[in-house]
1. Scan A837, A866, A912 and give me the residue that is of a type outside the set (S, T, N, Q), closer than 24 Å to G497 by Cβ and modelled with pLDDT of 90 or more.
2. Report the residue count in the range 992-1012 for those that are buried (at least 19 other Cβ atoms within 10 Å of the Cβ), farther than 17 Å from P1027 by Cα and among the hydroxyl-bearing types (S, T, Y).
3. Looking only at the range 993-1006, count how many residues are aromatic (F, W, Y) and not in a strand (DSSP E or B).
4. Output yes when any residue across the range 172-188 is surrounded by fewer than 22 Cβ atoms within 10 Å (Cβ to Cβ), farther than 18 Å from D206 by Cα and touching a Phe, Trp or Tyr at 6+ places or on another chain (Cβ under 9 Å), and no when none is.
5. All but one of (1) surrounded by fewer than 17 Cβ atoms within 10 Å (Cβ to Cβ); (2) in contact with a Cys (Cβ under 9 Å, 6 or more places away or on another chain) hold for C121, so report the exception by its number.
6. With H990, H969, H978 as the choices, which residue is assigned to a loop (DSSP other than H, G, I, E, B) and not basic (K, R)?
7. Can V1016 be described as out of contact with any Pro (no Cβ under 6 Å at 6 or more places or on another chain), of a type in the set (V, I, T), in contact (Cβ under 8 Å) with a residue 60 or more places away in the chain and surrounded by 23 or more Cβ atoms within 10 Å (Cβ to Cβ)?
8. For the range 544-588, enumerate the residues that are of a type in the set (F, W, Y) and at pLDDT 80 or above.
Amino acid sequence: MDPSSPDPLSPTGPLDAMPPRGRVLTARLPGGVRKEASRIIYGTLFLHLLPTEEEVHKLLDSVWATGCNTFDCAAIYGGGLCEERMGRWLMARQLCTGRAREDLVLITKGGCETQEKLWACTISDQPRVRSELERSLRRLGVAYLDVYLLHRDDPMEPVERIADFMSALVDEGLIHGWGVSNWQLHRLGAALEYARRSGKHAPIADSPQNSLAEPSRAVWPNTSFMSAETRPAWAKVTRGQVAMLGWECLAKGFMCGKWTPEDDQGLVEISLGKDNVAEWREWQLRRAYCNGPLNFDRRDRAVALAAAKGVDLPVVALGYVLSQSPLSFALVGTTSTAHFEQNVRAASLSSPVARMSSAELRYLETGAPLPDMSSDSSAELRYLETGAPLPAQRSPASLAPSRARAMGALGAVVGCWSAALLVAAMGAVAGTNPSLHSVQASSGRTDPADGSLRFDGGSTDAGRVQFFRRGVWGTVCAHEADARRVSAVACRQLGFGAATGTMRMPSASDGPMWLRGLRCVGTETRLAECEHGGVGGEAAGSHYSAAPCTEALGVRCLACAEEACEVYTVPVTLRGALEAAAQVAPAYYNASRALLDFGVVLMAQALLLECAKREGSSSRVSPVDCHVSTYDEAVYMTSTYDVRTDDVSPYVETEPRQPSGADAACAAPTAQRADETETDETLETQGDETDETDETDKTDETQGDETDETDETDDDDDSVLAGLPDPFRPEVARRAYVFSEGLQAEYRARRRALIRYLRAHEADAAALRRLVGEGVLQWNDAGIMRRPLLSALNASCREIGLLRLLYLSPRVNIVWDLDKAVGEPKAIEALEADDPAAAAIARGLQQEGLATIDDFGLDINAIEEAVDAALAQPDPAVTSVASNGASMATRVYLPALAPLLSNSTILKAVRAYLGPDAALDGYKAVRLAPNASGAQNIAGLWHNDRAGNRLKIFVRLHAVDPRPEAGGHPTLVAAGSHGLLHYSFEGYEHSRYTDGFVRSEYTVAFLGGPRGSGFVFDTNTLHRGVPEGLIARTTLVLEYHAAAKCPVIQTLDLPIPCPSGDQRLLSRRESQLTILEKPAAAPSSSPTVVSAAGLTTTTMETATMMIQMISCS
């Protein structure tokens, strides 16, 4: 070579001195990018590991020479060094500006913490993300990015706020398009919908893990993956307007031949520490990709297809991703030139795998027979796979080399990362506990049989029913008259003893509707045995002709045998205004609809439900008596209670003066009462003939289209709400609720009705303002605070009835009625002398909704052994596994739990708080997967349990670090939020709250502790788990309700988790352990009770936990 000529491989050689480039398949990116991007994208994750700049430039020159023009970077790769090295190469090759920049597609990612903080999303801190983007631009030496991806998602950050921010970056020209990585589909869909509606720039790219080898769990914390099941829904949501940028397409070497079925055996779960990075990462990958035969079967089929098409196994694996859609791209990261050159063949212009047919994709995924192949028949494929004899007319001699070549592909791990490289890329993690938590690995995953059922998502006892057919999960539907019998069969097939509720759920993005118009006798063992109106889009055939139904069936199941079920099917007698159970729930809802539809409050229809076990009954299996009354007495409050001032915490107990008289309701304080009563009586008895202020309402109700104009005027004139709760404004919903978009229409209607009513009834508005002024009516964006309200007013006061109808949903009101005894101060005071430890626990529950226990006095080794065995080999009769792998729950019998069941201190505290007849429903052991996301496990979002006041005890089977970043899945509780009367919890959208709202209103308790410790809390609190982590978390969960509550909820057919369906309900023998008697044993421990608000530990010298040992025999 002439020494004066430039060296094309030197760090300073110009691009035009390089050899001619190859050509690969490209696709034009959506949105404002307007560039053709290579379908194979080079990932720069490992550039910082190369020893010299010269090697970096040689590698990137080789990548560019193949025809690849698209590069994927991230701010956290190598701590920014990968972007710096990429930028220096771009500068050396003169690719940063001019025409050359137009040929280059540059993607980078941001908005993500480093490994030490579990890659947590930082999008809530928008100035930080903007600064991070600007640093990436400087490191890369470019003026703009073609695509900027948010590396992780924060499900508690409203998508509207995210889309507004990212759209502004596009408008500024810093990026030409934006996208997301590791988002769940419903969040991506919400962002797309908001952008379409608001005119903002929509996300143009989504980057999940996408591989023929599907991980059984997220391989990194808080990541997402594309599966064959979710791909149709993804396509429907994205409408061909979003590029799919798949990462880890070779499954960390699995699709190159790495690992065998034996690698799934004998695994123990480990935590990540300073000195075990390689061991931990290897365990993560093996558990994700080697979990059962599914992926090994798929790899075998890919080997056969590779041989038939004359390519290598990794090329078929990449072709599987590219063939999914014209906008499907595959990211490849390697430091080997040879590996990349082999991988890019999947996107060559003559590639036989870049446009595989849907039949070939189904074959790879499920083994469905291929109708035809260009080079070999299906018989030949069977020969390639199994060595089965060929038909006589074909000679195996010609195929023998192909089979040998296909099998040999498994031995040559080509184009895949080595374990050493992976470990080096990860680096070390400082400050993490390196101890091992030894648990048995969970069961292997297999392809389900046609007709199998599961719950959609992360629940283990309730949710949308999914039906498996032809390799695809779909939904089913049933008409209301048939739903209960259908749900009974579904729960029986799923391994539960009974169905406790049905739900109608949307099915638009959840695959096909396999079974329509289901109709069951109720004795069938499988849904497939029931009559239905046809399968999928097929005609009914011999089945009956069903009327169409479009909403998917959701069910709530209860795991109980006949004996345990008796507790929840006891007779419930209704007396008073209503005596038929079927009338009660509709009456609550009708009263609410009267307000929404007509703007009137009919107190004669507003119900008050009071229930208790029949007097004189001590058994849990005893009848329940309920009295139904109405708010038809227009009575008002007395003015003899204490007034709270603004600087008094609503969570600090005070002693208000009570109205005079044992049963004093609300004495009339002023002469105004007569006029107010007259107005209300007129409203309740004369229908449309109300006072003149209702004339506008009457016009609204009768003139059709004119109503909308009047309503808009009403909404504009909202001065009547000044000084009163106004929680139904759109901006309030966006601030408080994660799924606020689903609330907008309902909240607009509720606010319109509220304004209309209060404007027409000034006396009622004045009465409510009086409550506000005197400190009785307090609220926030989630609900009304119960304690100050009931400290001053009797539950039957008209003002409370008015608040119930104006602000609270029917289900909230029913549950409130069933929780009347909660937090009674006198019951707690009575415990002080009898059992100080119980009183301390009950006081913590009353004030904060939470108390912690340092040691439950249990044999944790024995319990852990039984739980591990049950989770290692899940038996559907006692163990439920979430379909997304985020959690498992086992209701296996635990004899070693007897000391806690018979613990008199715990039971006294529970009854002092929930009421004198409160009882333990049952128990379960729950294991959270090491890595999940808030969307995979919806309990990872701030929520209440939509069941009113009930208690749960958590017992830790291993130590849990309270710091979320430590990876141990702690529980977070908003201290003091248990006293909220939530505006609604009719649906999930009402009960999932944003992190910003919760932290602005409450002190957050981070709950961790040693093995054998735990806590008890009211599930009406706002609380959340932390699904992202490094090790699995296993806890015991015990659940307590007032004894009358669950039977009434079951009788009224309400879809409320009372009790939770996936726990072991107590048998009669176990129930005997919970009967309070005088302790027979000496105190076994002195528990520490923690105040969640102050997060300080106080040792109580007088506190003792009395554990009464009662034999199980």
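1. A866
2. The total comes to 1.
3. Total satisfying the criteria: 2.
4. yes
5. Failing condition for C121: (1).
6. Values: H990 fails: assigned to a loop (DSSP other than H, G, I, E, B); H978 fails: assigned to a loop (DSSP other than H, G, I, E, B).
The match here is H969.
7. Yes.
8. Result: Y588, single match.
The values are calculated or read from the model by the stated rules, or taken from the named source; none is laboratory data. Keep in mind that what you see is a predicted model, and the values were worked out from it rather than measured. FYI the Cβ positions are ideal-geometry reconstructions off the backbone, even for glycines, and counts take in every protein chain you see.
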